[in-house]
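Take a look at the structure below.
The values are calculated or read from the model by the stated rules, or taken from the named source; none is laboratory data. Please read these numbers as outputs of a predicted model, since none were measured by experiment. Cβ sites come from the backbone with ideal geometry, for glycine too, and all protein chains shown count toward neighbours. Side chains are part of the model used for accessible areas, which takes the heavy atoms of the whole protein and leaves out ligands, DNA and RNA. Shrake-Rupley method; radii C 1.70, N 1.55, O 1.52, S 1.80 Å.
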Amino acid sequence: LVLIVLGLIICLKAQAADVDLERIVVTPSRYSESIDGTTSTVTAFGGSDLEEGKIQGESIKDLIIDAPALDIVQAGSFGGPVSVFSRGTNSGQTQIMIDNVRVYDPIATNGAFNLAHLTLNNLERIEVVNGPQSVLYGSDAMGGVINILTKKGVGKPRISFLSSGGTYNSF
């Protein structure tokens with residue numbers, strides 16, 4: 001009887017423990033591990049960081065601008081090209097991935113990816129790994145890796161539409 005009660009108490013405590021998924025990352029080693037257990041500097045944005053109203057802006061650059069060791073440069077105003085420089089390297093030496101798939105501009109001479117048009121819609125989390133990751137991801141990751149993870153689809157496909165307006169009859 002004592003063993004049964006003890007077993008029930010342990011099970012209830014295990015179920016009550018919350019698992020903080022923001023503390024689990026995949027990018028630094030290609031398998032799930034705790035942020036505290038990685039040898040790289042990792043910043044994860046997700047969950048409470050993505051709540052509506054907390055971020056001033058609508059693009060991914062507005063979210064990752066606070067990540068350490070990242071310099072984000074936008075040429076011109078809204079819609080202008082956005083480059084990411086990690087730890088002082090060239091923008092082509094910071095690898096950008098969406099759902100663990102490398103994205104880049106094949107026309108650009110350095111292969112850098114333009115983050116200007118990536119919005120926060122359907123975003124699950126972003127993992128920013130600072131420092132050289134070229135052993136895992138190749139020479140394009142000498143400055144670091146930014147992995148953008150999107151939400152997984154649930155149920156039947158559906159269509160949504162979003163519009164906004166502003167002053168001076170802008171849409």
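Some points to look at:
- Residue selected from the stretch 120-171 under the condition farther than 14 Å from MET97 by Cα and β-branched (Val, Ile, Thr), by the criterion least open to solvent (accessible area, probe 1.4 Å): THR167
- If you go through the stretch 85-115 and keep only what is open to solvent by 30 Å² or more (accessible area, probe 1.4 Å), farther than 18 Å from SER134 by Cβ, in contact with a strand residue (DSSP E or B) (Cβ under 7 Å, 6 or more places away or on another chain) and among the hydrophobic types (A, V, I, L, M, F, W, C), you end up with just ILE98.
A quick yes/no check of all residues on (1) open to solvent by 60 Å² or more (accessible area, probe 1.4 Å); (2) at pLDDT 80 or above:
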| residue | (1), (2) |
| --- | --- |
| VAL5 | yes, no |
| ILE9 | yes, no |
| VAL25 | no, no |
| GLY47 | no, no |
| ILE55 | no, no |
| ILE60 | no, yes |
| ILE72 | no, yes |
